[in-house]
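Asks: To start, I am sharing the structure in question, which I have written as structure tokens.
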Amino acid sequence: MIGKIIKYMRVKSGYNQTELAKKLNIGQTTLSGYETEATNPCFEMIERISNQCNFDIVFIDRETKEQITTSNINRKDIC
């Protein structure tokens with residue numbers, strides 16, 4: 001599933017695989033592997049991809065509806 005999300009973000013942002021891979025300083029075949037789910041990116045790479053594509057990663061508490069994003073997690077009163 002993460003491969004489909006990565007591809008969606010890339011396409012919506014107007015990048016082809018070569019362009020995005022260059023901006024991320026990874027090989028195009030690596031990015032292709034993520035999109036086809038031949039390999040799995042670590043969370044930090046998912047965050048880099050989402051940032052480059054101008055997307056946020058959002059975690060939503062199902063009970064309270066509180067939202068935590070990768071950009072505001074350091075501001076929360078959490079370890």
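The values are calculated or read from the model by the stated rules, or taken from the named source; none is laboratory data. Predicted, not measured: the structure shown is a model, and the values here were computed from it. Cβ sites come from the backbone with ideal geometry, for glycine too, and all protein chains shown count toward neighbours. Note: accessible area is taken over every heavy atom of the protein model, side chains too, but ligands, DNA and RNA are not part of it. Shrake-Rupley method; radii C 1.70, N 1.55, O 1.52, S 1.80 Å.
Asks: Compute the helix-to-body angle for 2-12: its Cα long axis versus the longest principal axis of the chain, expressed 0 to 90° and rounded to tens.
Replies: Taking Cα atoms only, the helix is inclined about 80 degrees.
Asks: Please give the peptides 57-64, 2-9 ranked by average Cβ packing (other Cβ atoms within 10 Å per residue), highest first, as a rough proxy for protection. Could you put the intermediate results ahead of the total?
Replies: Working: 57-64: 9.5, 2-9: 16.0.
Highest to lowest by the protection proxy: 2-9, 57-64.
Asks: Ok, one more. Return the carbon/sulfur percentage of the accessible area of the chain, one whole number, probe 1.4 Å, all protein chains in place.
Replies: Carbon with sulfur: 49 percent of the solvent-accessible area.
Asks: While we're on this one: What's the Cα-based Rg to Rh of the chain, Rh via Kirkwood?
Replies: Numbers: Rg = 14.0 Å, Rh = 13.5 Å.
Rg/Rh for the chain comes to 1.03.
Asks: What is the count of Lys pairs in the chain whose alpha carbons sit under 20 Å apart, if the two are 8 or more places apart or on different chains? Could the numbers behind the result be given before it?
Replies: Working: Lys4/Lys12; Lys4/Lys22; Lys4/Lys23; Lys7/Lys22; Lys7/Lys23; Lys12/Lys22; Lys12/Lys23; Lys65/Lys76.
Summing the qualifying lysine pairs gives 8.
Asks: Rolling a 1.4 angstrom probe over the protein heavy atoms, how many square angstrom per residue are accessible across the chain? Walk me through the intermediate numbers first.
Replies: Working: 5860 Å² over 79 residues.
Heavy-atom accessible area per residue stands at 74 Å².
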